[in-house]
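To start, I am sharing the structure in question, which I have written as structure tokens.
What follows draws every value from the coordinates through simple rules; no lab data is involved. The shown structure was predicted, so the numbers you read here are calculated from the model rather than taken from an experiment. Note: ideal-geometry Cβ built from the backbone for every residue, glycine included; neighbour counts use all protein chains shown.
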Amino acid sequence: MQITNMSEFHKHIKRVIISEEELKTAIARTGEILSMEYKDKPLLLVSILKGAFIFMADLSRAITIPHEIGFMAAKSYFESTESSGEVEITLDLAQDISKYHVVIVEDIIDTGRTLKKVMEYLAGKKPLSLKVVTMLDKPDRRLVDLQSDYSLFTIPDYFVIGYGLDYGEYYRNLPCIAEFEEE
Ligand SMILES: O=P(O)(O)OC[C@H]1O[C@H](OP(=O)(O)OP(=O)(O)O)[C@H](O)[C@@H]1O
Ligand code: HPA
Ligand SMILES: [Mg+2]
């Protein structure tokens, strides 16, 4: 799929679910909480690309204590609103994480498959501790029994786009979270 004109682009944006202002407020509050929780500890934020890139950039700037950042990439959704069921890790971390308290930064937990795979992988590298912060949690679609430690918004079973989240690689640049309109 390629979207090259604005009417095609807008046609798939059904309605705003979470506004830019609501996101900003929630991220600022989460930054404060993490800054207190990890004070005087070696903190490493690990973002799961691509979806978490905008949340990661905002959250890192909302955290006022010293910390490092790292990136992994995982993919299981292609041109579909359904998970393919196969999570592929396409980019590995560059750091040795054994001397860090690691916080995984995710954009969304949906079926939970991506997070499960990433958590198992990172736990095997024996960090000092391992927690998860997710911008969005969609518990109705969970297929794997896991929860995040910090969750900014719980959403119903809608396929959502914006603020890093895509459909077919588009819509990551929307400044809010919107419901995707299939056709
Ligand atoms: O809980 P799950 O059902 O596993 O879904 C959550 C994952 O799916 C999306 O990634 P995607 O595969 O779309 O890759 P992307 O981040 O590059 O868009 C999203 O960014 C999460 O990482
Ligand atoms: O609702 C969603 N939107 C975009 N990407 C996703 N990956 C899992 N769930 C979603
Ligand atoms: Mg995606």
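Quick one: net charge of Arg172's neighbours, Cβ under 10 Å, K/R +1, D/E -1? Please report the intermediate quantities before stating the final value.
Details: positive: Lys50; negative: Asp107, Asp166, Glu169.
Local charge sum for Arg172: -2.
Are there any trypsin sites (Lys or Arg not before Pro) in segment 1-90 that are in a DSSP loop and have at most 16 other Cβ atoms within 10 Å? List them by number.
Working: sites: Lys11, Lys14, Arg15, Lys24, Arg29, Lys39, Lys50, Arg61, Lys75; in loops: Lys39, Lys50.
Within segment 1-90, the qualifying trypsin sites (Lys or Arg not before Pro) (loop, at most 16 other Cβ atoms within 10 Å) are Lys39.
Averaging sequence separations of C-alpha pairs under 8 Å and six or more residues apart, then dividing by the length of the chain, give the relative contact order as a whole percent. Mind showing how you got there, number by number?
Numbers: 352 pairs, mean separation 46.8, N = 183.
Once divided by the residue count of the chain, the mean separation gives 26 percent.
Now a separate question. Helix 53-62 against the longest principal axis of the chain: what's the angle in degrees, Cα atoms only, rounded to the nearest 10?
That helix lies at roughly 50 degrees to the long axis.
In whole Å, what is the distance between the alpha-carbon centres of segment 1-65 and segment 106-160?
Measuring centre to centre over Cα atoms gives 15 Å.
Right, here's the next one. Would you work out the relative contact order for segment 105-179, in percent, from Cα pairs under 8 angstrom that are 6 or more residues apart?
Values: 115 pairs, mean separation 20.1, N = 75.
Across segment 105-179, relative contact order equals 27 percent.
Add -39500 (n - 2.57) for each DSSP H run of 4 or more in the chain, then divide by its residues: what number comes out at 222 nm, to the nearest 500 deg cm²/dmol? Intermediate values should be presented prior to the final figure.
Details: 4 runs with 45 residues, N = 183.
It lands at -7500 deg cm²/dmol.
When the expected Rg is taken as 2.2 N^0.38 Å, what fraction or multiple of it is the alpha-carbon Rg of the chain? Before the final figure, lay out each step's value.
Details: Rg = 16.2 Å, N = 183, 2.2 N^0.38 = 15.9 Å.
That ratio works out to 1.01.
May I pose another question? Give me the extension gain from Asp157 to Glu86: residue separation times 0.36 nm, minus the current Cα-Cα distance, reported in nm with one decimal. Numbers along the way, then the final one.
On the way: separation 71, 0.36 × 71 = 25.56 nm, distance 2.04 nm.
Gain on stretching Asp157 to Glu86: 23.5 nm.
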